[in-house]
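The values are calculated or read from the model by the stated rules, or taken from the named source; none is laboratory data. All values reported here derive from a predicted model rather than from experimental measurement. Virtual Cβ from ideal backbone geometry, glycine too; neighbours counted across all protein chains shown.
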Amino acid sequence: MELLDTLQQGIYAVMTPVSSFIWSYILFYLLFGAGIGFTIMTRFMQFRMLGHMVRITFDSRSSDQGVSSFQALATSLAARVGTGNLAGVALALWVGGPGAVFWMWMTALVGLATTFVECTLGQVYKIHYADGVYRGGPAYYIERALGQKWMSILFAVFLIIAYGFAFSGAQANTIAKGMEGAFDVPTWVTGIALVVLAAVVIYGGLRSIARVAEKIVPLMAIGYFLVAVYVMIANYSEVPGMLWLIIQSAFGFGPAVGGAVGYTIKVAMENGVKRGLFSNEAGMGSTPNAAATAEVNHPAAQGLVQAFGVVIDTLIICSCTAVVILLSGVYDQMLASGGGESMQGIQLTQTAMADHLGGFGVGFIAVAILFFAYTSILANFAYSEINLEYLAGRHHKKAIAILRPLVLAMVMIGSVATLGFVWDFADLAMGLMATTNLIAIIFLAPIALRVLKDYERQRGEGIDEPVFNRQVLKKPDEVEPGIWD
């Protein structure tokens, strides 16, 4: 135990300043700057095309072979809808205050355009694979379109570290804490159960993960949303005050609580953006890996479907968690006492739900996070598998055989590790990965814009389901032959 503590302290000494520098001086400005730029370049597509996004999202349930557009969305939502929506929002509120919720919303709004750009690129540069499922993502479009092999390798390594290990550990940690708080289940018991349940699916391949995600994700999202709506209706008179508190705090005028030194704009913004990105993953480069697996007629169609995923994840589900916490008496107690270690993470969300729904609330959150985070672990592995296959080339089968037990081991470790260490490690890995991808898509954005223009041109001509041809691109030879011919 002493050896483990010493190791963690040593890692912290290196990890903390690097992570802080990336988030405070690079990624924060890069993320918002890119999102605003993409929003302008796409002529505010997240607002003018929102209705179309909704229609094509729920009109894409089947595929002749491989993975359908909806299954690809379900897989990406499985990764996005997890600890960031329950524990992550609670952490953002504890450290950054109610204003962090406002900046999560802003991150999501500009993130729709960012997600569209990266997921469209993922579709354009996807490749055929022997199992009938497409592969693609930042590693592929960075090499093929940007011509920077070293950068694509760097991204793939960062993603495997982030998703295969850090995020899987964070998801398992939250499940274990939730089950312990609700049902007194020891964390190690939950860890073993998670390892078994995850192994059953990930050994079945990408199609198996997509099928499980398609069944679980919609049900869990709708159930959580309905409970939050009930909480809002039951406390309707307090909703205007809650919204005003969020806006006040976003600009430094709210009361200070918890770990915050004071509610400065920087504290609220930094924590809101960090947790918002962890939740909706816009610009991080993860979602394009799922988007690329979809069988669609036009890359922009999947880009729009995945962009709507940001609405589901952050603007709906994360907002549900914020509503539950901010309308609870637990949050008022936290304001009065200045917070506390026991108020961090999933425990805060559980305690707030219990304030609204009694004992049922604690159990409901534990079950919700079990499904949310379990499907995230599955999707995390899918992303890791895709990028390890890219790195390993013809030796990919041997590499995946090694990756599977290592990821399952990290699930077990994450179940019993400390919350702070797991989240901080995830923050660093996410920052490195997002920075690499954002730099790439800034240079490649004109390609996504050309694809969007072609999609809108065809729709303007009355074509309900536009079909893409790679000759639309300036350099069609960069795209794998046979996919978009």
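Summary table
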| read-out | value |
| --- | --- |
| Residue check, residue 66 at pLDDT 80 or above and not polar (S, T, N, Q) | no |
| Matching residues, the range 37-59, being of a type in the set (Gly, Ala, Ser) and under 15 Å from residue 106 (Cα atoms) | 37 |
| Subset tally (residues that are outside any loop (DSSP other than H, G, I, E, B) and either crowded, with 17+ Cβ neighbours inside 10 Å or at pLDDT 95 or above (or both)) for the range 473-485 | 1 |
| From 87, 92, 78, 108, residue being touching a Ser or Thr at 6+ places or on another chain (Cβ under 7 Å), closer than 30 Å to residue 366 by Cα, part of a helix (DSSP H, G or I) and modelled with pLDDT under 80 | 87 |
| Filter pass, residue 148 being over 19 Å from residue 275 (Cα atoms) and surrounded by fewer than 24 Cβ atoms within 10 Å (Cβ to Cβ) | yes |
| Wholly enclosed helices (runs of 4 or more DSSP H) of the range 127-232 bearing at least 3 residues free of Cβ contacts under 8 Å to residues at least 40 places away in the same chain | 187-202 |
| Only one of 162, 172 that is out of contact with any Gly (no Cβ under 6 Å at 6 or more places or on another chain) and among the aliphatic types (A, V, I, L, M) | 162 |
| Only one of 125, 140, 163 that is modelled with pLDDT of 85 or more and touching an Asp or Glu at 6+ places or on another chain (Cβ under 8 Å) | 125 |
| Which numbered condition residue 271 fails, given (1) at pLDDT 85 or above; (2) within 21 Å of the chain's Cα centre (by Cα) | (1) |
| Leading residue by the ranking (surrounded by the most Cβ atoms within 10 Å (Cβ to Cβ)) among those in the range 417-441 that are over 23 Å from residue 133 (Cβ atoms), at pLDDT 90 or above and touching a helix residue (DSSP H, G or I) at 6+ places or on another chain (Cβ under 6 Å) | 441 |
| Filter result (aromatic (Phe, Trp, Tyr) and either crowded, with 19+ Cβ neighbours inside 10 Å or within 22 Å of the chain's Cα centre (by Cα) (or both)) within the range 151-196 | 155, 158, 163, 165, 167 |
| Single residue of the range 233-249 satisfying the filter (in contact (Cβ under 8 Å) with a residue 60 or more places away in the chain and among the aliphatic types (A, V, I, L, M)) that is nearest to residue 77 (Cα to Cα) | 246 |
| The range 274-304: number of residues that are under 15 Å from the mean Cα position of the chain (by Cα) and assigned to a helix (DSSP H, G or I) | 12 |
| Residue within the range 447-462 that is small (Gly, Ala, Ser), crowded, with 24+ Cβ neighbours inside 10 Å and touching a residue at least 24 places away in the same chain (Cβ under 8 Å) present | yes |
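Here's the yes/no breakdown for (1) in contact with an Asp or Glu (Cβ under 9 Å, 6 or more places away or on another chain); (2) at pLDDT below 80; (3) surrounded by fewer than 23 Cβ atoms within 10 Å (Cβ to Cβ); (4) assigned to a helix (DSSP H, G or I):
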residue	(1), (2), (3), (4)
24	yes, yes, yes, yes
29	no, no, yes, yes
36	no, no, yes, yes
46	no, no, no, yes
